1. Looking at (1) closer than 28 Å to Glu116 by Cβ; (2) at pLDDT 90 or above, which is the only condition Leu46 fails?
2. Among what's in segment 120-142 and is surrounded by fewer than 16 Cβ atoms within 10 Å (Cβ to Cβ) and among the aliphatic types (A, V, I, L, M), pick the residue that is farthest from the chain's Cα centre (by Cα).
3. Filter segment 1-25 down to the residues that are part of a loop (DSSP other than H, G, I, E, B) and either in contact with a Gly (Cβ under 8 Å, 6 or more places away or on another chain) or modelled with pLDDT under 90 (or both) and list them by number.
4. Restricting to segment 200-228, what's the tally of residues that are of a type in the set (Gly, Ala, Ser), exposed (fewer than 10 other Cβ atoms within 10 Å of the Cβ), within 21 Å of Arg4 (Cα to Cα) and at pLDDT 75 or above?
5. Can you confirm whether Val182 is more than 30 Å from Val8 (Cβ to Cβ), buried (at least 17 other Cβ atoms within 10 Å of the Cβ), touching a strand residue (DSSP E or B) at 6+ places or on another chain (Cβ under 7 Å) and not hydroxyl-bearing (Ser, Thr, Tyr)?
6. Tell me the residue from Ala191, Ala143 that is over 30 Å from Glu30 (Cα atoms), at pLDDT 95 or above, small (Gly, Ala, Ser) and touching a strand residue (DSSP E or B) at 6+ places or on another chain (Cβ under 9 Å), please.
7. Could you please find all residues in segment 200-235 being of a type in the set (A, V, I, L, M, F, W, C) and more than 29 Å from Tyr133 (Cα to Cα)?
8. Among the candidates Ser76, Ser37, single out the residue that is closer than 29 Å to Ala180 by Cα and small (Gly, Ala, Ser).
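The values are calculated or read from the model by the stated rules, or taken from the named source; none is laboratory data. Just so we're clear, the structure is a prediction, and the values are computed from it rather than from any experiment. Counting neighbours? That spans all protein chains shown, and the Cβs are built from the backbone with ideal geometry, glycine included.
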Amino acid sequence: MQRRGLKVWGETCPQYLVLRDSDMDRPGVEGAKFICSPPPRDGHALDAFWDDIRRGVIDVISSDHSAYFASGPENSKDMNGADAPFPAIPNGIPGIGARMQLLFSEGVAKGRIDLETFARLSATNPAKIFGLYPRKGAIAPGADADLVLWDPEARDRITQATQQHAVDYTPYERIEVTGAPVATYLRGQLAMRDGQVLAEPGQGRFLARDPYELARPRGRHANDFDPTAAPVPPG
């Protein structure tokens, strides 16, 4: 559909670049920690994702953060017991805090993508698709100065203790990564430094958006059906 000029964008998430289907075979509730939709695939699918990223088929790497506790009385992966059938296991995994480190480490540090592609997938393209560019997703006069200072040589190990999410596990536990953020600026103000969040609650702002060109229909349709056309009277 992209080749036909339709406005279609592709997205994937870190779990499909890192995790494998074998992770779901771990015993007991451990396997449940990796259940998401669609499920992780094998190594062949992982290679195909990177190929699609390089070819521009995939435009955005998001987190698809849908977090549940690993254990607990309710709203957790083991809420229906260690031997619960697949339909009884809450579907989704945490991942928003690990997104950029995993993308950089698996992508840039391993030579699969360059720095420009990393920035485009994680910042520029999302801002454009949501009608926020160039206020967001750009370093330019008049932009909001939302910046991440990145150490490309840092060696880190992802653990639950380093995540800023409000659940009790990360599916990326003990994965070693190269590259880490050292500081984050929100509209030019220091929001994080060396892993310590400095921003105060309530600093976020709602950004209203007018209609924008990227979301405007081109008048080209996947088939003969035109959803904007006036209905044809019966008979």
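1. Of (1) closer than 28 Å to Glu116 by Cβ; (2) at pLDDT 90 or above, only one is false for Leu46: (2).
2. Only one residue tops the list, namely Ala140.
3. Taking segment 1-25 first, the residues part of a loop (DSSP other than H, G, I, E, B) are 1-10, 13-14, 19-20.
Result: Met1, Gln2, Arg3, Arg4, Gly5, Leu6, Lys7, Val8, Cys13, Pro14, Arg20.
4. Summing the residues that are of a type in the set (Gly, Ala, Ser), exposed (fewer than 10 other Cβ atoms within 10 Å of the Cβ), within 21 Å of Arg4 (Cα to Cα) and at pLDDT 75 or above in segment 200-228 gives 1.
5. On the way: more than 30 Å from Val8 (Cβ to Cβ): yes; buried (at least 17 other Cβ atoms within 10 Å of the Cβ): no; touching a strand residue (DSSP E or B) at 6+ places or on another chain (Cβ under 7 Å): yes; not hydroxyl-bearing (Ser, Thr, Tyr): yes.
Here the answer is no, as Val182 does not meet what is asked.
6. Ala191 is the lone residue from the list that is over 30 Å from Glu30 (Cα atoms), at pLDDT 95 or above, small (Gly, Ala, Ser) and touching a strand residue (DSSP E or B) at 6+ places or on another chain (Cβ under 9 Å).
7. Within segment 200-235, Phe225, Ala229, Ala230, Val232 qualify.
8. Of the residues listed, the single one that is closer than 29 Å to Ala180 by Cα and small (Gly, Ala, Ser) is Ser37.
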